[in-house]
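A.B. asks: My questions will all concern the structure given below.
Derivation of every value follows stated rules applied to the coordinates shown; laboratory data play no part. If you're wondering where the values come from, they're calculated on a predicted model, not measured in any experiment. Neighbour counts are summed over all protein chains in view; Cβ atoms, including those assigned to glycine, are modelled from backbone coordinates with ideal geometry.
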Amino acid sequence: MDNPDASTDSEVKVTGVLNPDKLKELGYIPSKQRLLKGPVAIFECVEPIPCNVCVFSCPFKAVVMDKITDMPKVDFNKCTGCGLCVAQCPGQAIFIVDYSPKGETGVLTLQYDLTQPPDKGEEVILLDRKGEELGKGRVLKVYKHKRSEAFVVTIEVSKEFLMNARAIKVRR
Ligand code: SF4
Ligand code: SF4
């Protein structure tokens with residue numbers, strides 16, 4: 001497991017947009033072998049904020065922190081990609097990516113913070129970290145987490161977008 005104990009990216013502070021290279025540097029990107037194995041969590045939490053919800057929301061003890069202001073460290077070998085942390089992250093900073101399906105499409109799971117989530121089967125627009133449109137995806141599943149009341153949406157997307165699509169726009 002890589003160690004994400006690195007300082008906050010100043011570029012993020014200036015632009016508000018995360019650089020995928022920085023995520024790699026922080027140890028938040030699993031190996032290619034792990035990515036191909038099945039669903040896994042991608043954490044995009046790069047600010048040392050006092051939050052450890054993900055540590056306690058993971059039933060597999062895949063997320064650890066020495067102190068509450070640390071950034072989470074993820075053990076990708078323990079992470080099953082269950083998505084329980086996605087629903088409970090107050091920063092909407094956790095995504096599940098799944099490259100394992102055969103073919104050109106994979107599966108992305110993210111938190112959706114608006115009141116009217118898309119329906120199963122609906123086509124949605126994928127947005128990148130800057131909020132710019134990347135392409136389209138098809139909703140596979142939507143659920144509302146009982147405790148956090150957040151919606152979690154699972155979408156079939158082209159594998160080329162799995163690491164860049166980080167929000168959705170519902171076309172209504
Ligand atoms: S996806 Fe599941 S197993 Fe992985 S870190 Fe989140 S809660 Fe833990
Ligand atoms: S719950 Fe979310 S915001 Fe809080 S530390 Fe974990 S990833 Fe970061």
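A.B. asks: Along the charge dipole of the range 10-170, which of 87, 163, 18 sits closest to the positive end, that is, farthest toward it, with unit charges on the beta carbon of Lys, Arg, Asp and Glu (+1, +1, -1, -1)?
C.D. replies: Comparing the listed Cα positions along the dipole, 87 ranks first.
A.B. asks: May I ask you to sort 109, 80, 115 by Cβ crowding, counting other Cβ atoms within 10 Å and putting the fewest first? Before the final figure, lay out each step's value.
C.D. replies: Values: 109 22, 80 15, 115 6.
Arranged by neighbour count, lowest to highest, 109, 80, 115 become 115, 80, 109.
A.B. asks: Taking the Cα centre of the chain as the origin and placing charges on Cβ (Lys, Arg +1; Asp, Glu -1), which of 134, 54, 154 is farthest toward the positive end of the dipole?
C.D. replies: Selected residue: 154.
A.B. asks: Kindly give the semi-axes, whole Å and largest first, of the ellipsoid equivalent to the range 10-170, taking each as the square root of 5 times a Cα gyration tensor eigenvalue. Can you show the working numbers first?
C.D. replies: Working: eigenvalues 101, 61, 58 Å².
Over the Cα atoms of the range 10-170, the semi-axes work out to 22, 17, 17 Å.
A.B. asks: Report, in debye and to the nearest 20, how large the dipole of the chain comes out about its Cα centre when Lys and Arg carry +1 and Asp and Glu carry -1 on their Cβ. Please list the in-between numbers first.
C.D. replies: On the way: 25 positive and 23 negative charges, 119 e Å.
Dipole magnitude for the chain comes out near 580 debye.
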